[in-house]
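Accompanying notes for the structure given below.
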Amino acid sequence: MSENQNKRIISDEEMAQQREYIYKIRKNIENRSVRPLAFVETYGCQQNSSDSEKIKGMLYDMGYDFCDKASEADFILYNTCAVRENAELRVFGNLGALKNIKRKREDVIIAVCGCMMQQEHIANKIKSRYKHVDLVFGTHALYRFPQLLYNVLEGKREFDIKNEDGSVFEDISYKRDDIPLAKIPIMYGCNNFCTYCIVPYVRGRERSRSAERILDEVRDVAKMGYKEVMLLGQNVNSYGNDLTDGLNFTQLLREVCRVDGIERVRFMTSHPKDISDELITAMAEEKKICNQLHLPVQSGSDRILKLMNRKYTSGQYLDIIKKVKTAIPDIVLTTDIIVGFPGETNEDFERTIDILKEVEYDTIFSFIYSKRVGTPAAEMEDCLTQEEKHKNFDRMLEVQNEISARKNKEYEGTVQKILVEGVSKNNEDTLTGRTEGGKVVNFAGDMSLLGQMVNVKITKAQTWSLFGEII
Ligand code: SAH
Ligand code: SF4
Ligand code: F3S
């Protein structure tokens, strides 16, 4: 058990103080004839989306409404991701463009938060070069947002990027994204320090929420009509390691399955080094746990896995996959891959291709290695040129696309239970939803089916999605 010495539960008094600021802002806003508008843009992972839902909950309680154009908003917030450089460049680009808005409407408030801001060199750059930004706060200051915004509304410029390593706060209302999927964080932070990754530095140490709080939240969303929950953490398999009297991840999952109204349970992300037989058994036994597993492998080369500090070999990884496939034959498998990690040779890269062919993932999420300031890998020597890395990357996609297309083809003619999630972006008469395994399916249907479970016969398969008809 790894006790997190720095874990701090934000006290009821501190939260009450923040609610007081929400109330004060609302009082001021109530004097206006129309509700002010907030624009919130989220980058990065589901954890960040979940944080944005909390921020939007606070803004809503303060009296804000929401809009989907920065140019129309009174309050603009970017919730940022630091995991790769291109995510950061996009934020800087968008922030630059806001200068014009601020020039035209001086009272617009511009704020930036999230993982990128938890890095001092980035926050400093914004402080000195992006003078039109009024408010910056890191991941650890999330619960202090009402106080910070209050100060900004009073005319101050606020930068709160204190590194507190680990806090957990409760009792904040969410403004959740739409039914039917509810994202439920079960733990925050990461202890793994994979050598390429910035997350442990910007999210602090692992800390679990109490099972009781999580289950209350699941019951609440079930009452609100949500049918599917996604349990979130950077490494869900170590859930509970910092709790003395809590449940472990598998026990928690089984409890979540007992909640009436919830029909599907997913979770993200699992680290191969911590996945247990107990979990695989629960996945096979519990009907509500979706037959989907995202198990990031990162590389197929043992040498690179060691340099990455992943703490498993390709052989150990494949043993897990074998167990999972035996226990759950219709499992949908996905993974993350990094191409061009420092020191990766063409020979190492071939081992990654081998593992893709061996496992036959349904989908992969692949990235070219991006150097992150302050991580050990940033100091390691590169072997391949950027051009060679891109060449490998493209070849990998070719190999995988063929596998994905073939796996999707197997669905043609089958009938799948689909939870209707929304209307297709391109065509209003087309609904979209997911299979139990998480594959996207498009089919003709009426908006009234939103949030319902329907049976869909798959008529056509493409590399990225499936098409079908309701039966
Ligand atoms: N906690 C999760 C992943 C979080 S980040 C896990 O361990 O699986 C999501 C993915 O981004 C990682 O799995 C990795 O493939 C990729 N990633 C992280 N840091 C990266 C970097 N510096 N360059 C490229 N890809 C990176
Ligand atoms: Fe990053 Fe590794 Fe932690 Fe995932 S497990 S967040 S890749 S350090
Ligand atoms: Fe990005 Fe932070 Fe998530 S770095 S991937 S938003 S935890």
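The values are calculated or read from the model by the stated rules, or taken from the named source; none is laboratory data. None of the values given here were measured: they were computed from a predicted structure. Positions of Cβ are backbone-derived with ideal geometry, glycine not excepted, and every protein chain shown enters the neighbour counts. Keep in mind that these areas ignore ligands, DNA and RNA; they rest on the heavy atoms of the full protein, side chains included. Shrake-Rupley method; radii C 1.70, N 1.55, O 1.52, S 1.80 Å.
The table that follows gives values for the structure above.
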quantity: Global geometry of segment 181-409, whether rounded, prolate or oblate, following the gyration tensor of its Cα atoms and the 1.5 cut on a/c; calculated: prolate
quantity: Accessible surface of residue 383 - all protein chains present, 1.4 Å probe, nearest 10 Å²; calculated: 80 Å²
quantity: Accessible-area composition of the chain, carbon plus sulfur, in percent [1.4 Å probe]; calculated: 47 percent
quantity: For peptides 37-43, 270-276, 460-466, sequence by mean Cβ density within 10 Å, most packed first; calculated: 37-43, 270-276, 460-466
quantity: HN-Hα J in Hz across segment 271-278 - Karplus 6.51, -1.76, 1.60, θ = phi - 60°, x for Gly and Pro; calculated: 9, x, 5, 10, 6, 10, 4, 4
quantity: Qualifying lysines (Cα of each under 19 Å from Cα of residue 102; at least 8 residues distant if same chain); calculated: 69, 125, 127, 131, 156
quantity: Pairwise centroid distance, computed over Cα atoms, of segment 310-336 with segment 70-130, Å; calculated: 40 Å
quantity: Segment 415-470, accessible area per residue, ligands and nucleic acids excluded (1.4 Å, Å²); calculated: 53 Å²
quantity: Karplus-derived HN-Hα couplings along segment 432-442 (A = 6.51, B = -1.76, C = 1.60, θ = phi - 60°), whole Hz, x at Gly and Pro; calculated: 10, x, 10, 6, 4, x, x, 7, 6, 10, 10
quantity: 20 Å binning of all Cα-Cα separations within the chain, expressed as whole percents from 0 upward; calculated: 22, 56, 22, 0
quantity: Cα shape, segment 148-250, gyration tensor, a/c 1.5 rule; calculated: oblate
quantity: DSSP bridge pairs, the chain: antiparallel proportion in percent, nearest 5; calculated: 30 percent
quantity: The chain: Cys lacking any partner C-beta under 4.7 angstrom; calculated: 45, 67, 81, 113, 115, 190, 257, 290, 383
quantity: Exceeding the 22 Å Cα-Cα cut-off - candidates 322/460; 54/371; 273/323; 27/183; calculated: 322/460; 54/371; 27/183
quantity: In order through segment 322-338: 3J(HN,Hα) via Karplus (6.51 cos²θ - 1.76 cosθ + 1.60), integer Hz, x for Gly, Pro; calculated: 4, 4, 5, 5, 5, 6, 10, x, 9, 4, 9, 10, 10, 8, 10, 10, 10
quantity: Heavy-atom accessible area per residue - segment 61-191, 1.4 Å, Å²; calculated: 41 Å²
quantity: Cross-link partners of residue 325 among aspartates and glutamates (Cα-Cα below 19 Å; sequence separation of 8 or more within a chain); calculated: 274, 277, 278, 285, 286, 336, 354, 358, 360, 362, 410, 436
quantity: Cα-derived Rg over Rh, computed across segment 11-160 with Rh taken as Kirkwood radius; calculated: 0.94
